[in-house]
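Written out below as C-alpha cells is the structure these notes cover.
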Amino acid sequence: MVWRRAGGGIVLGLAAATAAPAAGAWTTQPVRLVVPASPGGSMDQMVRPLAAVMSRLSGQTFIVDNRSGGAGVLAREFVAHAPADGTAFLLGSVHELTRMALTPSLSYPLTGPDFLPIGRFATMPNLVVVKAGTGVDTLDALVAKARGTDKGISYGVGSVGNLQHLAGITFAQSAGIHMVAIPYKGSAPALKDLVGGQIDVLFDTMPAASTFVREGRLKALAVTSARRSPLFPDVPSVKELRLDRMVLGTWYGVFAPSATPPRIADAMSDLLNRALADPDIQRMWEGWGSEKPAPQSRSEFARFVSGEAGRWTEAVRQAGIKVE
C-alpha cells in the first residue's frame, strides 16, 4: 500500500485503485470521504483502512479529506454543496446529533434537507481516561479531586457540542461537581494535552485512547457501556458504577449530498457493506472495541439516525442542559 498526499486528502495508492473500475463503480474520479476532524482521531483512524478496502473492491480511488473546524460546519457545508455525483461523502457521527440537540441553530444538520444517510460503519463505547501516575485511579477519586478545588476540573472535547462534551456535562451533573470543557480541533490534540497534564480527563473513543492506555500513559477509569469491554476486562462499566445516564457510545456513518441519485447511493451502500465484511476490517474493528459490523440498508440507517436524534434531543431536554 502506498500513501501520498493529494490536495486536502490522502490518496490510498493501491494497485486496484489505478485499475479499471469494477462492475458497479459509479465514477472514474477520486471519491472524497470528508472527515470533520483533524488527522489522528478515532474516525480518521478507522476510515483510512476502510477507504483502502473500498478502493480495492471497487477499483475507484478514495481520498480521506480532513476538514476540521467550526464544530463540523466546514465539512458539512463542503459536502452539502458538492456535486451530487458520488465524488464526495460526509463521514458523520453521533457528535453531529449531540451538537444539534445542544445547539438547535446548527448549520447543515445531518437530519436536515442537505444529506442522504448511506450507512453506519462503526459503533463503540468511550473510555473515561486520565493521565497515568497522578493518583486518580477511580471515578470516585476523580470526583474527590474536583470537589477539592474551587475551579473544578477540566476535560477535553474534540469540538464544542460533541458526545465528549455531552458526556462531560452529564457526568458533572450526575456527580454534583464543576467541570470546565476545553475545546479542541479533534481528539488527537486533546489526547496530547491529557498526556501532558494540561487537562484532567477525557471521555474518548477506544481507537483514540486505547493505545495510550496500553502504553501506560493514560489510566482508564471506566468504559461508557452497560458491560465491561473484552479489550479492558479490568475497567469497570459505568452501569456497574450506577451511572446509568453515562451509558453512551460513539457511532460513525456515511452521508451523501441529498440530490445524489439512488443508483449511486445504493452502490455506495453496497460497497460499504462489502468493505465492512472484509476479514481484516472485522479484525481491526474488534481490536478497537467496535461492535461487529453488520449489513445495513440505507432505510435502516436512516431510521437509526432519526432515532438517535430524538434520543439526544430528549436527553438534553430532560437534563436541562444548555450550552452558553
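The values are calculated or read from the model by the stated rules, or taken from the named source; none is laboratory data. Computed from a prediction, not measured in an experiment: that's the story for all the values here. Ideal geometry is used to build each Cβ from the backbone, glycine not excepted, and the neighbour counts take in all protein chains shown. Ligands, DNA and RNA are excluded from the accessible area calculation, which covers all protein heavy atoms including side chains. Shrake-Rupley method; radii C 1.70, N 1.55, O 1.52, S 1.80 Å.
Matching residues to (1) of a type in the set (S, T, N, Q); (2) farther than 25 Å from ARG56 by Cβ:
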| position | (1), (2) |
| --- | --- |
| THR224 | yes, yes |
| LEU231 | no, yes |
| LEU243 | no, yes |
| VAL247 | no, yes |
| ALA256 | no, no |
| ARG263 | no, no |
| ASP266 | no, no |
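Of these, ARG76, ARG67, which one is in contact with a strand residue (DSSP E or B) (Cβ under 7 Å, 6 or more places away or on another chain), buried (at least 22 other Cβ atoms within 10 Å of the Cβ), more than 18 Å from SER269 (Cα to Cα) and modelled with pLDDT of 95 or more?
Values: ARG67 fails: modelled with pLDDT of 95 or more.
Exactly one of ARG76, ARG67 is in contact with a strand residue (DSSP E or B) (Cβ under 7 Å, 6 or more places away or on another chain), buried (at least 22 other Cβ atoms within 10 Å of the Cβ), more than 18 Å from SER269 (Cα to Cα) and modelled with pLDDT of 95 or more, namely ARG76.
Which condition does LEU139 not pass, out of (1) open to solvent by 60 Å² or more (accessible area, probe 1.4 Å); (2) modelled with pLDDT of 95 or more, if it passes all the others?
LEU139 satisfies all of (1) open to solvent by 60 Å² or more (accessible area, probe 1.4 Å); (2) modelled with pLDDT of 95 or more except (1).
Exactly one condition in (1) open to solvent by less than 10 Å² (accessible area, probe 1.4 Å); (2) modelled with pLDDT of 95 or more is false for GLY161; which is it?
So GLY161 meets the others, but not (2).
Out of the helices (runs of 4 or more DSSP H) lying entirely within the stretch 193-303, which hold 2 or more residues that are open to solvent by less than 70 Å² (accessible area, probe 1.4 Å), out of contact with any Ser or Thr (no Cβ under 8 Å at 6 or more places or on another chain) and of a type in the set (Ser, Thr, Tyr)?
Working: elements: 206-214, 262-276, 279-287.
Passing ranges, in order: 206-214.
Scan the stretch 117-127 and tell me whether some residue there is open to solvent by 30 Å² or more (accessible area, probe 1.4 Å) and modelled with pLDDT under 95.
Of the residues in the stretch 117-127, the ones open to solvent by 30 Å² or more (accessible area, probe 1.4 Å) are 120.
Okay, now just the ones that are also modelled with pLDDT under 95, so none.
Looking through the stretch 117-127, none of the residues is open to solvent by 30 Å² or more (accessible area, probe 1.4 Å) and modelled with pLDDT under 95.
Over 24 Å from TRP288 (Cα atoms) and touching a Lys or Arg at 6+ places or on another chain (Cβ under 9 Å), is that true of ASP266? Break it down into steps so the answer makes sense when it comes.
On the way: over 24 Å from TRP288 (Cα atoms): yes; touching a Lys or Arg at 6+ places or on another chain (Cβ under 9 Å): yes.
Yes, satisfied.
Let me confirm something: among ASP244, ASP266, which residue is farther than 11 Å from PHE121 by Cβ and without any contact (Cβ under 8 Å) to a residue 12 or more places away in the chain? I'd like the intermediate steps shown before the answer.
Working: ASP266 fails: without any contact (Cβ under 8 Å) to a residue 12 or more places away in the chain.
After ruling out the rest, the residue left standing is ASP244.
So which residues in the stretch 174-192 are on the phi > 0 side of the Ramachandran plot and open to solvent by 40 Å² or more (accessible area, probe 1.4 Å)?
Of all residues in the stretch 174-192, those on the phi > 0 side of the Ramachandran plot come to 176, 186.
Passing the criteria: only GLY176.
Working only within the stretch 307-324, note down all residues that are part of a helix (DSSP H, G or I) and open to solvent by 80 Å² or more (accessible area, probe 1.4 Å). Quick ask: steps written out before the conclusion?
Residues of the stretch 307-324 that are part of a helix (DSSP H, G or I), as a first pass: 307-319.
Result: ARG311, ARG317, GLN318.
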